[in-house]
1. Using θ = phi - 60° and the Karplus form 6.51 cos²θ - 1.76 cosθ + 1.60, what ³J(HN,Hα) does each residue of region 111-120 get, whole Hz, x for Gly and Pro?
2. I'd like the FRET efficiency for Leu160 and Leu99, computed as 1/(1 + (r/R0)^6) with the beta carbon distance as r and R0 of 30 Å, rounded to 0.05.
3. How many percent of Cα pairs in region 43-136 exceed 18 Å?
4. What does the accessible area of Val95 come to, in Å² to the nearest 10, when a probe of 1.4 Å is used?
5. Write down the accessible area per residue of the chain in Å², having rolled a 1.4 Å probe over the full set of protein chains.
6. From Cα coordinates alone, what are the radius of gyration and Dmax values for the chain in angstrom?
7. Name the residues whose placed amide hydrogens come within less than 5 Å of the amide hydrogen of Asp148, ignoring near sequence neighbours (fewer than 5 apart) on the same chain.
8. Considering only DSSP beta bridges where both residues belong to the chain, give the percentage that are antiparallel (nearest 5).
Amino acid sequence: LLQTSTLFAQDGSEPLNGISAKVLFIDYNTPNSIDGFKPTNGLELAYLRNVNPNIAIGIPIKIGLASINGSEDKTTIFSLDAVGQFQFGSPESLVRPYLFAGVGMVFEQFEENNPQIPAGLGLYVRAGGSSFFTFQGEYRKSFEEKRDNLQLGIGWHFKLKPQPRVDGPLD
């Protein structure tokens, strides 16, 4: 009864929220054993929230073009995912690798959809106090035939610092 425990509260020392933007290189041919390496491009915007110093949850939104089934025509794809990240090392590290996995829905031509399971690894490289270069490799297992794909991303991650509270009378 006389022992005390340490409590952890939000003290504002480490930002909890972050946003990121990446350029994507998308490959539908290699994982589906289709002849010819035809990578296409896309963009990703994501919101991430750290639930503790090593675990984050995120919502990435992606849009891009894909060469599906070896077709010369490009298909517009849009995806919305929910992912979890396990980040190695401390938040103050210069280089911070991470693993991630989640679930997502991909919409082809904004009409057909297929669920996918994204999983992969990435690396944050500190560029400033709250700014990071980010590199990510991702394999996406689809529940539809010939829709597995690889995605490589290069971008920028920025941790949003909370605004300090001002003590005083409310307006």
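The values are calculated or read from the model by the stated rules, or taken from the named source; none is laboratory data. No experiment lies behind these values; they were computed from the predicted model shown. Methodologically, a virtual Cβ is constructed for each residue, glycine included, from the backbone with ideal geometry; neighbour enumeration extends over all protein chains shown. Each accessible area value is taken on the protein alone, full model and side chains, heavy atoms only, with ligands, DNA and RNA left out. Shrake-Rupley method; radii C 1.70, N 1.55, O 1.52, S 1.80 Å.
1. Working through the residues one at a time gives 10, 6, 10, 8, x, 9, 10, x, 8, x Hz.
2. Computed FRET efficiency for Leu160 and Leu99: 0.85.
3. Pairs farther apart than 18 Å: 52 percent.
4. Val95 exposes around 70 Å² with every protein chain in place.
5. 62 Å²
6. In order Rg, Dmax, the Cα atoms of the chain give 19.4, 73 Å.
7. So Asp148 has HN proximity to Ser142.
8. Antiparallel: roughly 100 percent of the beta bridges in the chain.
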